[in-house]
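So the structure is just underneath, and the comments pick up after that.
What follows draws every value from the coordinates through simple rules; no lab data is involved. Values in this document were obtained by computation on a predicted structure and should not be read as measured data. As a convention, Cβ positions derive from the backbone with ideal geometry for all residues, glycine included, and neighbour counts pool all protein chains shown.
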Amino acid sequence: MSDTGAGFVQLGILLVALAVVYRPLGDYMARVFTSKKHLKVERVLYRVVRVNPDSEQRWTTYAAGVLGFSFVSVVVLYLLQRLQSVLPFNFGRGTLDPATSFNTAVSFVTNTNWQSYVPETVMGHTVQMAGLTVQNFVSAAVGLAVAVALVRGFVRAKTDRLGNVWVDIVRGAVRILLPIAFLFAIVLIAFGTVMSLTKGVDVTGPDGVQHTIALAPVASQESIKELGTNGGGILNANSAHPFENPNSWTNLIEIFLILVIPVSLTRTFGTMVGNKRQGTALLAVMGILWAGMLTLIWWAEAHPNGPAALLAGAGMEGKETRFGIPSTALFANSTTGTSTGAVNGAHDSLSGLGGGGALLNMLFSEITPGGVGTGLYSILVFAIIAVFLAGLMVGRTPEYLGKKLGRREITTASIAILAMPTLVLIGSGVALMMKDTAGALGNSGAHGLSEVLYAFASTSNNNGSAFGGITVTSNFFQSTLGVCMLLGRFIPIIAVLCLAGSLASQKRVPESAGTLPTTGPQFVTMLAGTVLLVAALTFVPALALGPIAEALA
Amino acid sequence: MIVVKSIVKQTWAGLRVLLALTVLLGVLYPLAVWGVSRIPGLHNQAEGSVVNENGQPVGSSLIGVDPVAADPDHDPWFHNRPQAVTADPKDSNNPLPPGDPSVSGASNKAADNPDLVKAVQARQDAIAKREGVSNDKVPADAVTASGSGLDPAISPAYAELQVPRVVRVTGLPEAKVRQLVADHTSGRGAGVLGEPTVNVLELNLAVRAAGGHA
């Protein structure tokens, strides 16, 4: 079978697998977040930590919980790295410096998993498991909690209560992420992924040369890394490393894990608001944009561009033989369309348009289909803007899902949408004015600009993938990118929770003849158009100077 | 004041929740996965799919380490793809440096990067010379570095390119070497996933076991 033909069948298998779990997983997640019952392990946990799981919170308390939890997470993760030299399983890997520890702590707590260190040489197994793996779970659980709080804003009426933040975080981690991650960690091991508590293994190659091959507890982190749309590799080469992603089977499994929760959450949304077609409309927008971007990246990678790729005969620089072009394109599109940032090949070595596609996926605010929870709340915010724009055209007060979209709703939605472009454009602009930036780039010209833009897009969107040629270990990059991760995560979260509080306090407006239907193809087109319009209006000049200029050269 | 009190209260609650979840997700969960990975059938993969020869570990079937020929003019090995990042800086002028599994990583160079153009050209020249063919016969995976730098596999085309040299140097019959290449070629997963590959370490060990002197 041809390369392309096999690629299409692989794509078909992925889509069928997602379709099969869409309903059961989506409905299960809806039950998790609406059930009144607590599991026994949860009741024990609530008693130990002394929180009352049956009290509900206002949006301000809910937001304080998210912020407080994230704050102590950063502190604990920072301290774990700073104290690494006295922790077990460190294999002589010492304490990390303050800048790297800060950047890494922020990175994993914000679900970004941007990495400015080489894990297998600096990170011991204790920090990996008790620090980084934990944040892989709970940062995703925070995303789920915020998304669910926003959905409750639509479902509830005339209340100031959004739910209990601790119950939502614990249930997301314990009932959704933990069982799936455990199951797929075992599946990955069966297919060859490593799970070792040793430092490595000494071997003498057939040529008589001795080597040490580094080992790590990979599988337990690998499964949640993809499932929680985190993306931080336990080994430097991330999912290109054969110990993380040994073959084409694990590759497809990892892509499936990346997409499964964000996709199924549209069902959860539809089920919770009592109209499943509302969920499928959002899924349609995500799917159309995802498919369009996959076409772009796949086509670009299959048609070598640039002198090195033309000389070699194919764009195989930075790609693994076992994945080849279709599987690398599929992974790249899925990891940047969510907030994952795991990579199974070097994005910096993608072609101009291929890398530009990965970049554009992030600049869409990651809604194709977006990160765990973050994808759903981001596209709901876009939906509010789309309904508002439609309302302006016909001169009616816009309403969505029975709630009026007034000044407060539009203001919070706008803040949530505009935080990321502001950070990306100001951050890139400042970096480009710094004298040292040119020396930090791995490539010059248009591609060098793309490296800077990609770094700020990746951190501000909490993606975490990189055009890895850029050297980001200077204090300037460690701190500015760290700040972008924090603001890119928490400004939208606070805005979304404020929006949720405002929606929940409203009474329900009955649907009338003048209500814009938000389920059909017309709304799907409008919403996709709004996403494209916002990205185009903010980023076309930057994209023209970076990836587009490179592709046309 | 009420806001500050609420933030402080929630932060303390957050710390307690975090510590409890750390026990569950950061200790019990990875140890449970590790425990399951000890059962036979999973244990070998969990510890890195190490390949033993005569009871001695010679490598991992998942990790490509380009072997070094004792005499470059008498090179019996099938070779892996080039590695962009190596720990030894003196290798940086060698277009095809010896494999080094202590580091993983990619070149991160773009297709219009002059350094990459130069590197691809140098690798193409070196491989064409080694195999005694013209530059245009050298496949793309042979002259490009992989994403991990540890790619255990090469394309069937690159294996095919190396067959005549391995036959000449090892003295094995050509049909035998071709048979061994075929034995160590994996098709696409389920016929459609990924790309066909040839595992270099396992192939080299099989060639040696067949009596190819190395």
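Would you tally the net charge around residue A:270, using a Cβ to Cβ cut-off of less than 9 Å, leaving residue A:270 out, and scoring K and R as +1, D and E as -1?
For residues surrounding residue A:270, the net value is +3.
Tally Lys/Arg at +1 and Asp/Glu at -1 over every other residue whose Cβ is under 13 Å from the Cβ of residue A:453; what's the total?
-3
Could you sort the peptides A:152-158, A:251-257 by per-residue average Cβ neighbour count (10 Å cutoff), highest mean leading?
Peptide ranking by packing, descending: A:251-257, A:152-158.
Count, for each residue of A:60-69, the Cβ atoms from other chains sitting within 10 Å of its Cβ, then give me the mean as a whole number.
Mean number of neighbouring Cβ atoms from other chains: 6.
Could you tell me which residue out of B:201, B:191, B:42 lies farthest along the dipole of chain B toward its positive end? Charges go on the beta carbon: Lys and Arg +1, Asp and Glu -1, centred on the Cα centre.
My answer, from the dipole projection, is B:42.
With only Lys, Arg, Asp and Glu charged, each at its Cβ (+1 for the first two, -1 for the last two), find how big the charge dipole of the range B:78-188 is about the Cα centre; round to the nearest 20 debye.
260
May I have the extent of the alpha carbons of the range A:467-553 along their three principal axes, as whole Å values ordered from largest to smallest?
Ordered largest first, the range A:467-553 gives principal extents of 56, 35, 17 Å.
Rank A:395, A:333, B:114 by how far each Cα sits towards the positive end of the charge dipole of the protein assembly as shown (+1 on Lys, Arg Cβ; -1 on Asp, Glu Cβ) and give me just the farthest.
A:395
Non-local amide H neighbours of residue B:60 (under 5 Å, H modeled in plane, Pro and chain starts lacking H): which ones?
The answer is B:51.
With point charges of +1 on the Cβ of Lys and Arg and -1 on the Cβ of Asp and Glu, referenced to the Cα centre of the protein assembly as shown, which listed residue (A:146, A:485, A:217) lies farthest in the positive direction of the dipole?
A:146
Express in % the proportion of alpha carbon pairs of the range B:59-176 at distances exceeding 22 Å.
Beyond 22 Å sits 31 percent of the P(r) for the range B:59-176.
If you wrap a convex hull around the alpha carbons of the range A:371-552, what volume per residue comes out, as a whole number of Å³?
Taking the convex hull of the Cα positions in the range A:371-552, it is 129 Å³ per residue.
Quick one: which of B:109/B:176; A:158/B:5; A:319/B:129; A:36/A:403; A:40/B:9 span more than 28 angstrom between C-alpha atoms?
B:109/B:176
Might you report the magnitude of the Cβ-based charge dipole of chain A about its Cα centre, with Lys and Arg at +1 and Asp and Glu at -1, to the nearest 20 debye?
It comes to approximately 2600 debye.
Would you mind checking the radius of gyration and Dmax of the protein assembly as shown based on alpha-carbon positions, in Å?
26.0, 87
What per residue convex hull volume, in Å³, comes out for the range A:19-274 when only alpha-carbon positions are used?
134
May I ask you to give the average projected area over all directions of the convex hull of the Cα atoms of the range A:1-87, in nm² rounded to one decimal?
About 11.6 nm², averaged over all directions.
From the phi angles alone, apply the Karplus equation (6.51, -1.76, 1.60; θ = phi - 60°) to the range A:226-241 and give each ³J(HN,Hα) in whole Hz, x where the residue is Gly or Pro.
For the range A:226-241, the Karplus curve yields 7, 4, x, 6, 8, x, x, x, 7, 10, 4, 7, 6, 6, 7, 5 Hz.
List every residue whose amide H lies under 5 Å from the amide H of residue A:400, counting only residues 5 or more places away in sequence or on a different chain, with H placed 1.01 Å from N in the peptide plane.
Close amide H contacts, sequence-distant or interchain: A:405.
So what's the gap between the Cα centers of the range A:185-207 and the range A:245-268, to the nearest angstrom?
Centre-to-centre distance over Cα atoms comes out at 23 Å.
Between beta-carbons, use under 12 Å as the cut-off and find the net charge around residue A:519, counting Lys and Arg +1, Asp and Glu -1.
After counting each charged neighbour, the total is +1.
Treating the beta-carbon of each Lys and Arg as +1 and of each Asp and Glu as -1, no other charges, what is the dipole magnitude of the range A:19-274 about its Cα centre, to the nearest 20 debye?
1360
Rank the residues A:241, B:74 as a footprinting-exposure proxy: fewest other Cβ atoms within 10 Å of their Cβ go first.
Fewest-to-most ranking of A:241, B:74: B:74, A:241.
State, as an integer percentage, the relative contact order of the range A:371-552 based on alpha-carbon contacts under 8 Å between residues 6 or more apart.
That works out to 29 percent.
For the range B:85-144, report the convex hull volume of the alpha-carbon atoms normalised per residue, in Å³, without decimals.
92
Report, in deg cm²/dmol and to the nearest 500, the calculated mean residue ellipticity at 222 nm for chain A, where each DSSP H run with n ≥ 4 adds -39500 (n - 2.57) and the sum is divided by the residue count.
Estimated from H runs of four or more residues: -21000 deg cm²/dmol.
In Å and on Cα atoms, what radius of gyration and Dmax does the range A:216-327 show?
17.4, 57
For A:243-253, what's the mean count of beta carbons from other chains sitting within 10 Å of each residue's beta carbon?
Mean number of neighbouring Cβ atoms from other chains: 5.
Return the sequence-ordered ³J(HN,Hα) values of the range B:55-66 in whole Hz as given by the Karplus equation 6.51 cos²θ - 1.76 cosθ + 1.60 applied to θ = phi - 60°, using x for Gly and Pro.
Listing the rounded values in order: x, 9, x, 10, x, 10, 5, 9, 10, x, 10, 5 Hz.
Normalising by the residue count of chain A, find the relative contact order in percent from Cα pairs under 8 Å and 6+ residues apart.
19
Provide the per-residue ³J(HN,Hα) series for the range A:484-496, in order, calculated from phi with Karplus coefficients 6.51, -1.76, 1.60 and θ = phi - 60°, each as a whole number of Hz, with x at glycine and proline positions.
4, 4, 5, 5, x, 8, 8, 4, x, 5, 5, 4, 5
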